[in-house]
1. Mind checking which pairs have a first residue in region 160-171 that is over 14 Å from D122 (Cα atoms) and a second that is of a type in the set (S, T, Y) and surrounded by 19 or more Cβ atoms within 10 Å (Cβ to Cβ), Cβ under 7 Å, 6 or more apart or different chains?
2. Could you say which residue among L157, L134, L203 is modelled with pLDDT under 95 and part of a helix (DSSP H, G or I)?
3. Mind listing whichever residues of region 58-87 are among the acidic types (D, E) and touching a strand residue (DSSP E or B) at 6+ places or on another chain (Cβ under 6 Å)?
4. What number of residues in region 125-148 are more than 25 Å from G192 (Cβ to Cβ) and in contact with an Asp or Glu (Cβ under 8 Å, 6 or more places away or on another chain)?
5. Would it be correct to say that A63 is buried (at least 17 other Cβ atoms within 10 Å of the Cβ), in contact with a Cys (Cβ under 6 Å, 6 or more places away or on another chain), at pLDDT 90 or above and among the hydrophobic types (A, V, I, L, M, F, W, C)?
6. Taking region 97-109 as the search range and keeping residues that are surrounded by fewer than 20 Cβ atoms within 10 Å (Cβ to Cβ) and in contact with a strand residue (DSSP E or B) (Cβ under 6 Å, 6 or more places away or on another chain), which one is modelled with the lowest pLDDT?
7. Considering each of L134, L157 in turn, give the residue that is under 14 Å from A63 (Cβ atoms) and surrounded by fewer than 22 Cβ atoms within 10 Å (Cβ to Cβ).
8. What is the residue count in region 128-163 for residues that are aromatic (F, W, Y), in contact with a helix residue (DSSP H, G or I) (Cβ under 7 Å, 6 or more places away or on another chain) and farther than 17 Å from L25 by Cβ?
Amino acid sequence: MEQSLRQRTFQFASDRLQTGDLFFLKGKWTESEFIEIIEQSPWSHIAMVVRLPEFAEPLLWEATPLDDLEDVIMHKRKKGPQLTLLTQRLHAMTSVSEFAFRILDAQRTPEMNAALLQFIKDVHESDFPNDQTLLIEILEGRANVKAPYSNFFCSELVAASYMAMGLLGNDRVPNGFWPVDFAEANQPDFLGQVKLGEQWMLLHSGQRYFMEIAFSPASLPVFG
């Protein structure tokens, strides 16, 4: 029964998510809670949705200190930038996390997709910073000092990816972004008519999975 509900929810998301849409995670670890307190945000992790024709479901382009899932392109487990299956990330984190998606309102062009794929190729081998480096790069980002692309934390990777795609200007360095900068009602300084739309919550209660838009009464289909 639970597997059927999961499959239906994943299918619902898979039919709507496109490259550039965002995925948010609220972790239940001490480190996650610390990040959320510092940011004044409900989210401690962010990733970007990527659609590739050889995969039937959305992928997540994310930078994480975890190496619990196999990268679908490199076929190995690694820390730092990685492409993982959305379903696998949700399955791995259901008991310790809450999730949301935010839709990118932008025209997807072949040039934009090609630029993203080239960026992924260029930085895929990069690592995740250790605690000391992470703190330094975050502080440097607040001073608008760009960190090298030898390693990435989650929101830095999303910002750098948007810049590579030509959607986000480079007046602000990638390591100057936090998950909260892309969350809820916030709008980064996108170029042109690009903007982030509604936030979809993916909630879990017992064996019930359901999605709703933000925290408003208007809701998407409930399963279970």
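The values are calculated or read from the model by the stated rules, or taken from the named source; none is laboratory data. Here the structure is a predicted model, which means the values were calculated and not measured. Reconstructed Cβ throughout: ideal geometry from the backbone, glycine too, with neighbour counts over all protein chains shown.
1. Note: pairs meeting the criteria are L168/Y162.
2. Details: L157 fails: modelled with pLDDT under 95; L203 fails: part of a helix (DSSP H, G or I).
Sole residue among the options that is modelled with pLDDT under 95 and part of a helix (DSSP H, G or I): L134.
3. So the first thing to find is which residues in region 58-87 are among the acidic types (D, E), and the list is 62, 67-68, 70-71.
Once the filter is applied, which keeps residues that are among the acidic types (D, E) and touching a strand residue (DSSP E or B) at 6+ places or on another chain (Cβ under 6 Å), region 58-87 yields E62, D67, E70, D71.
4. Taking region 125-148 and keeping what is more than 25 Å from G192 (Cβ to Cβ), we get 125-140, 142-143, 145, 147-148.
Now drop any that are not in contact with an Asp or Glu (Cβ under 8 Å, 6 or more places away or on another chain), which leaves 129, 137, 147.
Number of matching residues: 3.
5. Details: buried (at least 17 other Cβ atoms within 10 Å of the Cβ): yes; in contact with a Cys (Cβ under 6 Å, 6 or more places away or on another chain): yes; at pLDDT 90 or above: yes; among the hydrophobic types (A, V, I, L, M, F, W, C): yes.
Answer is yes for this residue.
6. Here is the first cut: in region 97-109, the residues surrounded by fewer than 20 Cβ atoms within 10 Å (Cβ to Cβ) are 98, 103, 105, 107-109.
This time we only want the ones that are in contact with a strand residue (DSSP E or B) (Cβ under 6 Å, 6 or more places away or on another chain), so: 98, 103, 105.
On the way: E98: 76, I103: 91, D105: 94.
The selected residue is E98.
7. L134
8. So the count comes out to 1.
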